[in-house]
Amino acid sequence: MQVLESSTKIGFKNILFLTDFSEASQTAMEYAAVLAKHHEATLYAGHVHIPIAPIYLEGAALVNYLNQAQEEKREQLTKVVQPFHVGASNVLVTEGIVEYAIQRWTVEHGIDLIVIGTHGWRGLRRMLLGSTAELILRGAICPVLTVGPHVSKADRDPEHIDRILFATDLTQETEYAVSYALSFAHERCAHLALLHVLQQNSRLPDRERVMEYCIAKLRNLASPDTPRWCEPHVIMGDNAAEEIVNFAERDNSDLIVLGIPKDKVFSTHFRTGVTYSVVSGATCPVLTVRDMLS
């Protein structure tokens, strides 16, 4: 991958915050608001609901009932957004299938970042409604910031992202996301850790040389003037996701950035896959960036 300049700046213009009005969504809302203010972006707060009308309603009475239900959700969503005093904001409420609504909103409003929260007792596959969050991670055409079930409001301040972790398998598809990590770090004068996990059981003829090679690859992700705030790490482990989560905890990371290959297909089995497991287990938000250029 071509060396990226430390001055790389990536801005967000239209941020979509998705909510089911849970406590987890409230934490995600704080991050969405902070990012919208920082980038002077328009914040779209979205909610998809499936109203259950009384079976005796029909005709005009049914239409009125559905319209009233949608208006109540719109008012509820407005109350969620107003206290954060975001300069430009809009509320989006619709009925139907969540993933279809998200796809439509992304295209209609030029969404370049989606922010979602997860329920602690449900795990990743139960973010928002059913398996919606998994579908978002799998199909989103823009970066997704996930505030997971282990992100504590007491321990994390959305205003301060001082330590960032970029974890990579050193493939070109996942390295695309480093530009986002560099941009976050450069704008906030934050420390950036670049991490690669080597499989513990790998048959390496010369482990020390392989480690040196990986360190060099990590250094090559940033420009030569970044060593002061950009530090490469290569560690050995049997479980890459576990190693990433543990490293983030030891490093007190405020944000994890992960790259996702364009054609990445997530397993439907619960808690499988590196991205899936990191998002579920991290104690800080995780930004997933899909490589849409390869």
Flag if I244 is at pLDDT 95 or above and in contact with a helix residue (DSSP H, G or I) (Cβ under 7 Å, 6 or more places away or on another chain): yes
Could you look through segment 23-61, keep only residues that are buried (at least 21 other Cβ atoms within 10 Å of the Cβ) and of a type in the set (F, W, Y), and pick out the one that is farthest from I111 (Cα to Cα)? Y31
Could you say whether any residue in segment 52-66 is touching a residue at least 12 places away in the same chain (Cβ under 8 Å), assigned to a helix (DSSP H, G or I) and more than 25 Å from T146 (Cβ to Cβ)? yes
In segment 140-159, is there at least one residue being in a loop (DSSP other than H, G, I, E, B), among the hydroxyl-bearing types (S, T, Y) and open to solvent by less than 50 Å² (accessible area, probe 1.4 Å)? yes
In segment 257-281, the residues that are modelled with pLDDT under 75 and of a type in the set (V, I, T): V265, T268, T272
Go through (1) in contact with a Gly (Cβ under 9 Å, 6 or more places away or on another chain); (2) open to solvent by 40 Å² or more (accessible area, probe 1.4 Å); (3) among the β-branched types (V, I, T) for I97 and report which single condition fails. (1)
Segment 231-255: number of residues that are β-branched (V, I, T) and open to solvent by 40 Å² or more (accessible area, probe 1.4 Å): 0
Index of the failed condition, K79 passing every other in (1) closer than 21 Å to V147 by Cβ; (2) surrounded by 12 or more Cβ atoms within 10 Å (Cβ to Cβ); (3) modelled with pLDDT of 80 or more: (2)
Expected output for segment 144-169 (first residue among the acidic types (D, E), partner assigned to a loop (DSSP other than H, G, I, E, B), Cβ below 8 Å, 6+ apart or cross-chain) is D155/T283; D162/A190; D162/D254
Please enumerate the residues belonging to segment 7-22 that are in a loop (DSSP other than H, G, I, E, B) and surrounded by 19 or more Cβ atoms within 10 Å (Cβ to Cβ). F12, T19
Please work out if C284 is at pLDDT below 90 and either closer than 12 Å to L165 by Cα or touching a His at 6+ places or on another chain (Cβ under 9 Å) (or both). no
Of the conditions (1) under 15 Å from L170 (Cβ atoms); (2) modelled with pLDDT of 85 or more, A222 satisfies every one except a single condition; which number is it? (2)
Leading residue by the ranking (modelled with the highest pLDDT) among those in segment 167-201 that are among the polar types (S, T, N, Q) and either under 14 Å from V234 (Cα atoms) or assigned to a strand (DSSP E or B) (or both): T168
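The values are calculated or read from the model by the stated rules, or taken from the named source; none is laboratory data. Please read these numbers as outputs of a predicted model, since none were measured by experiment. Neighbour counts are summed over all protein chains in view; Cβ atoms, including those assigned to glycine, are modelled from backbone coordinates with ideal geometry. Only protein heavy atoms, including side chains, enter the accessible area calculation; ligands, DNA and RNA are left aside. Shrake-Rupley method; radii C 1.70, N 1.55, O 1.52, S 1.80 Å.
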